[in-house]
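Here's the structure we're looking at; comments come further down.
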Amino acid sequence: VVSQNLVTDNVSVVEGEMAIISCRVKNNDDSVIQLLNPNRQTIYFRDMRPLKDARFQLVNFSDNELRVSLSNVSLSDEGRYVCQLYTDPPQEAYADITVLIPPGNPIIEDRDEVLSEGNETEMTCTAMSSKPAATIRWMKGDKELPGKPKVELTYDKMYTVTSRLTFTVSKEDDGVPVICIVDHPAVKDFQAQKYLEVQCKYSLSHQPQRVNWVKVDDDVPSHAVITGSDLYIENLNKSYNGTYRCLASNSVGESYDDYILYVYDAPTTTPKPTTATTTTTTITTIISYPEANQDSRAGEGAPRTVDHAVIGGVVAVVVFAMLCLLIVLGRYFARHKGTYFTHEAKGADDAADADTAIINAEGGHTNSDEKKEYYI
């Protein structure tokens, strides 16, 4: 006697997608196959569906297989499904469905907007509301750095992961991207990144009396501003690419260091909303003006524009007044238009005087013609 063998497989599916459950039998002797849900309610008995859930559909039924699909999977569908074969004794095989929920867009934050060479800085990356918990990796340029993860289980049984990265800044870090990579079975290539901006820092035994910036083999842009040890350049474009030299001097002597500015092209494709906080232009050892300063100068020098709304309003009032005047005049003329009758004696035109006209008109008024007068 060849024994029958009932097998199935576990299924992992992303929330909202479709899961396939397959109950397979080797060497079936016409025994009945059925599929039960985690509550042991019959979903399919052979090729019949007693359960009134239309998301379950029959994909294939034969002597050797019962295959069923479950569409629009939700978290409540997670659990152990039972393949059952009516033999003596009955056989069961179990398929565990695991529902995957991808995390939200990763959020990367840095403690210091502008970094100083030799100082320690800290960055955090957060991936929220996922199942199972995501893992976070850090890359600085092409080098992977270790982070310190923290996993929190929220009230809705989701996981929020926060990773903290700490490192010491060097001048070589200027313009280098720091990338937060989120790994999760439900998503691929999920990441956020920021570019480092390193501030020029002088190191002399005595405080410098003078700090200046120059551009090697070219002039510093005319609108650039030097404040203390900082060089501010706004409205970047590729013509500003080059080597900028920071010069620090005092009574003992002077020292300098060179920094290279790269202005990157804007990306040609738009990434997913909020999936990255990448700065589209990067400046090496050069600090842009704070946003508040930019806003305070936003309206200076702007050409004055004509207030078209005021002009349109005046024209509308004039047109409305003219229409009202035409309506009033039309009603006035309509009310004073009419037909009038006069009682002129017939033949009075031939009379020599008024008395003769009256005498001639006596008795003839009833036969006189009507004469109409119109007053407009």
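Ranking His308, His223 from most to least accessible surface, computed with a 1.4 Å probe over the protein chains only, gives His308, His223. Of Tyr264, Tyr256, Tyr159, Tyr232, the order by accessible heavy-atom surface (1.4 Å probe, DNA, RNA and ligands excluded), from most exposed downward, is Tyr256, Tyr264, Tyr159, Tyr232.
Between Arg111 and Val59, the modelled label-to-label distance comes to 5.1 nm, taking each label 7 Å out from Cα in the direction of the beta carbon.
Distance between the 7 Å Cα→Cβ label points at Tyr332 and Ser129: 7.0 nm. The value obtained for segment 210-261, namely the Cα convex hull volume divided by the number of residues, is 75 Å³ per residue.
With a cut-off of 13 Å between beta carbons, the residues surrounding Gly242 carry a summed charge of -1, where Lys and Arg count +1 and Asp and Glu -1.
When the square roots of the Cα gyration tensor eigenvalues are ordered a ≥ b ≥ c, the ratio a/c for segment 5-100 is 1.5 or more and a/b exceeds b/c, which makes its shape prolate. Starting from the Cα gyration tensor of segment 4-52, take the square roots of the eigenvalues, sort them a ≥ b ≥ c, and report rounded, prolate or oblate (rounded when a/c is under 1.5, otherwise prolate if a/b is larger than b/c, else oblate). It is oblate, given that a/c is not under 1.5 and a/b is not larger than b/c.
Averaging the sequence gap over all C-alpha pairs within less than 8 Å and six or more residues apart, then dividing by the number of residues, gives segment 5-100 a relative contact order of 38 percent.
Ligands, DNA and RNA left out, the accessible area of segment 5-100 computed with a 1.4 Å probe is 44% carbon and sulfur.
Normalised by the number of residues in segment 210-261, the mean separation of alpha-carbon contacts (under 8 Å, six or more apart) gives a relative contact order of 38 percent.
Estimated from the Cβ-Cβ distance and a Förster radius of 25 angstrom, the FRET efficiency linking Val252 and Val214 is about 0.75. Stretching Val315 away from Asn39 to a fully extended chain increases their span by 91.9 nm, per 0.36 nm per residue minus the current alpha-carbon distance.
The values are calculated or read from the model by the stated rules, or taken from the named source; none is laboratory data. These figures come from a predicted structure and were not determined experimentally. Note: ideal-geometry Cβ built from the backbone for every residue, glycine included; neighbour counts use all protein chains shown. Note: areas computed on protein heavy atoms with side chains; ligands, DNA, RNA excluded. Shrake-Rupley method; radii C 1.70, N 1.55, O 1.52, S 1.80 Å.
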